[in-house]
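Asks: There's a structure below that I have some questions on.
The values are calculated or read from the model by the stated rules, or taken from the named source; none is laboratory data. Being a predicted model, the structure only gives us computed values, none of them experimental. Note that each Cβ is placed from the backbone with ideal geometry, even for glycine, and that neighbours are counted across all protein chains shown. Only protein heavy atoms, including side chains, enter the accessible area calculation; ligands, DNA and RNA are left aside. Shrake-Rupley method; radii C 1.70, N 1.55, O 1.52, S 1.80 Å.
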Amino acid sequence: MQKIKINLEKNSYEIYLGQGLLGGIAKLLPEKYSTAKLAIITDSNVAPLYLERLSEQFADDPSRILKIVISAGEASKNLIVAGEIYEQLAQAKFSRSDLIIALGGGVVGDLAGFIAATYMRGIKFIQIPTSLLAQVDSSIGGKVAVDIPSGKNLVGAFYQPLAVYIDPQVLLTLEDRFYFDGLAEVIKYACIKDAALFAKLEVCQGRTAIQAEIMEIILSCLKIKKHYVELDEFDTGERMFLNFGHTIGHAVEKCFNFSKYTHGEAVAIGMVLITQASEEMGLTCKGTSEKLKKIITQYQLPLNYQQEQLPTNVFQEKLLTAIAVDKKNLKQQLNLVLLKEVGQSFLHKIKSEQAELFLR
Ligand code: GLY
């Protein structure tokens with residue numbers, strides 16, 4: 001088992017990474033929770049696979065376990081579902097000395113973390129991420145949120161978990177599409193800061209080869225995430241580097257109503273489009289976008305969006321509007337993350353109206 005500490009003064013915590021770790025979580029929990037009530041929040045996809053394996057570890061006193069299973073999917077990440085869960089916690093008399101456990105992918109982690117941040121003004125929680133995307137990204141760094149009709153993640157907090165437990169074996173049950181969805185974030189980390197990781201991804205041909213190296217791959221991503229989260233817990237500066245591909249990616253997700261492309265697919269499109277443009281502008285070394293496109297294709301991710309409904313220029317306007325209202329768009333300025341080359345990134349400030357130059 002590997003351990004990585006995220007150093008954030010009083011909000012510091014350990015990430016535990018190990019094959020088969022899910023079977024031994026009870027032994028790793030802090031002693032003070034040995035008699036506490038535990039609310040396991042999971043979803044309808046993960047529950048049949050892993051809920052029993054987790055909850056049976058507390059079989060000595062099953063009465064202290066509250067199992068909460070939400071419907072799988074982003075549609076559950078809202079204040080109505082949160083409200084129902086607050087009520088269940090209150091009915092079961094959960095107090096601040098009890099614990100919430102998020103067992104699932106990004107939706108479960110964000111929702112359970114948001115509930116933990118707000119129930120009784122804050123109750124501790126742990127993350128057990130079960131998707132690759134959650135294992136390398138969303139379970140680390142304390143961003144928790146729900147969606148509201150005006151937008152995704154618009155209500156939330158920075159609320160760090162007590163610990164994160166990552167078991168790469170649970171990835172074996174992911175559908176290919178969602179495995180590769182997570183790999184888009186792995187490619188992102190490699191692009192912004194780790195040329196050796198990029199080279200490893202180039203050598204691995206497909207999912208089986210990736211899974212054989214998954215401990216090292218996840219570890220490399222966690223080290224990069226640690227670096228940026230420790231520098232900038234509240235996302236006001238350096239942490240923006242983690243948004244490579246996300247400015248256009250978020251807009252693509254939004255313009256397709258969060259249904260056509262997964263987050264990772266949209267980020268893949270965003271990484272390609274921005275790197276093609278920055279290379280044409282002479283800001284990125286020649287050949288970088290070709291390397292990127294090759295690896296994106298290798299892992300079955302899209303290079304560009306496909307839309308049939310609207311003429312290209314009308315759709316681009318829609319994308320630009322989505323970029324302009326992104327919550328990271330500060331004072332009409334956009335901080336774009338660009339690549340100097342694979343493994344080296346830099347921030348490039350532009351005025352919002354210049355965004356169209358990067359969408360051609
Ligand atoms: N997912 C990007 C961040 O945590 O800042």
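Asks: Give 261, 228 a once-over and let me know the one that is away from the ligand (no atom under 11 Å from the Cβ) and among the hydroxyl-bearing types (Ser, Thr, Tyr).
Replies: Working: 228 fails: away from the ligand (no atom under 11 Å from the Cβ).
Step by step, each of 261, 228 is checked, and only 261 is away from the ligand (no atom under 11 Å from the Cβ) and among the hydroxyl-bearing types (Ser, Thr, Tyr).
Asks: Same structure, new question: Could we say that residue 113 is within 16 Å of the ligand (Cβ to nearest atom), buried (at least 24 other Cβ atoms within 10 Å of the Cβ) and of a type in the set (Gly, Ala, Ser) here?
Replies: Working: within 16 Å of the ligand (Cβ to nearest atom): yes; buried (at least 24 other Cβ atoms within 10 Å of the Cβ): yes; of a type in the set (Gly, Ala, Ser): yes.
Spelling it out, residue 113 is indeed within 16 Å of the ligand (Cβ to nearest atom), buried (at least 24 other Cβ atoms within 10 Å of the Cβ) and of a type in the set (Gly, Ala, Ser).
Asks: Go through the range 45-63 and count every residue that is touching a strand residue (DSSP E or B) at 6+ places or on another chain (Cβ under 6 Å) and not aliphatic (A, V, I, L, M).
Replies: 2
Asks: Given the conditions (1) closer than 22 Å to residue 75 by Cβ; (2) in a helix (DSSP H, G or I), which single one is not true for residue 154?
Replies: Here residue 154 clears every test but (2).
Asks: What strands (runs of 3 or more DSSP E) lie completely within the range 1-103 and have 1 or more residues being open to solvent by 80 Å² or more (accessible area, probe 1.4 Å)? Don't jump to the end; show me each part of the working.
Replies: Values: elements: 2-6, 13-17, 38-43, 65-70.
Fully inside the range 1-103 and qualifying: 2-6, 65-70.
Asks: Say whether the condition of being at pLDDT below 95 and of a type outside the set (A, V, I, L, M, F, W, C) is met by at least one residue in the range 90-110. Even if it seems obvious, please write down each step before you answer.
Replies: Our first condition is that a residue be at pLDDT below 95; within the range 90-110, this holds for none.
No, there is no match, as no residue in the range 90-110 is at pLDDT below 95 and of a type outside the set (A, V, I, L, M, F, W, C).
Asks: Which is at pLDDT 95 or above, over 16 Å from the mean Cα position of the chain (by Cα) and aliphatic (A, V, I, L, M), of 242, 222, 231? Write out each step before concluding.
Replies: Numbers: 242 fails: over 16 Å from the mean Cα position of the chain (by Cα); 222 fails: over 16 Å from the mean Cα position of the chain (by Cα).
Just one listed residue meets the conditions, 231.
Asks: Read through the list (1) over 30 Å from residue 163 (Cβ atoms); (2) at pLDDT below 95, then give the number of the only condition that residue 237 fails.
Replies: Going through the list (1) over 30 Å from residue 163 (Cβ atoms); (2) at pLDDT below 95, residue 237 breaks only (1).
Asks: Pairs, please: C-beta under 8 Å, at least 6 apart or cross-chain, first residue in contact (Cβ under 8 Å) with a residue 24 or more places away in the chain and farther than 16 Å from residue 269 by Cβ and in the range 168-193, second open to solvent by 80 Å² or more (accessible area, probe 1.4 Å) and in a helix (DSSP H, G or I)?
Replies: 170/49; 173/49
Asks: For the range 116-142, how many residues are surrounded by 23 or more Cβ atoms within 10 Å (Cβ to Cβ) and part of a strand (DSSP E or B)?
Replies: 5
Asks: For residue 254, which of the numbered conditions (1) within 28 Å of residue 141 (Cβ to Cβ); (2) more than 16 Å from the ligand (Cβ to nearest atom); (3) in contact with a Phe, Trp or Tyr (Cβ under 8 Å, 6 or more places away or on another chain) fails to hold?
Replies: Answer for residue 254: the failing condition is (3).
Asks: Failed condition for residue 267, given (1) at pLDDT 95 or above; (2) aliphatic (A, V, I, L, M); (3) open to solvent by 10 Å² or more (accessible area, probe 1.4 Å), with all others met?
Replies: Only one criterion in (1) at pLDDT 95 or above; (2) aliphatic (A, V, I, L, M); (3) open to solvent by 10 Å² or more (accessible area, probe 1.4 Å) is unmet by residue 267, namely (3).
Asks: Of the conditions (1) within 22 Å of residue 153 (Cβ to Cβ); (2) at pLDDT 95 or above; (3) more than 12 Å from the ligand (Cβ to nearest atom), residue 200 satisfies every one except a single condition; which number is it?
Replies: For residue 200, the exception is condition (1).
Asks: Also: Can you name every residue in the range 35-80 that is of a type in the set (Val, Ile, Thr), within 25 Å of residue 150 (Cβ to Cβ) and without any contact (Cβ under 8 Å) to a residue 40 or more places away in the chain?
Replies: Of everything in the range 35-80, just one residue is of a type in the set (Val, Ile, Thr), within 25 Å of residue 150 (Cβ to Cβ) and without any contact (Cβ under 8 Å) to a residue 40 or more places away in the chain, namely 80.
Asks: Would it be correct to say that residue 241 is surrounded by fewer than 23 Cβ atoms within 10 Å (Cβ to Cβ) and aromatic (Phe, Trp, Tyr)?
Replies: On the way: surrounded by fewer than 23 Cβ atoms within 10 Å (Cβ to Cβ): yes; aromatic (Phe, Trp, Tyr): yes.
Criteria met by residue 241.
Asks: Here is a follow-up. Please tell me if residue 200 is in contact (Cβ under 8 Å) with a residue 60 or more places away in the chain and out of contact with any strand residue (DSSP E or B) (no Cβ under 8 Å at 6 or more places or on another chain).
Replies: In short, no.
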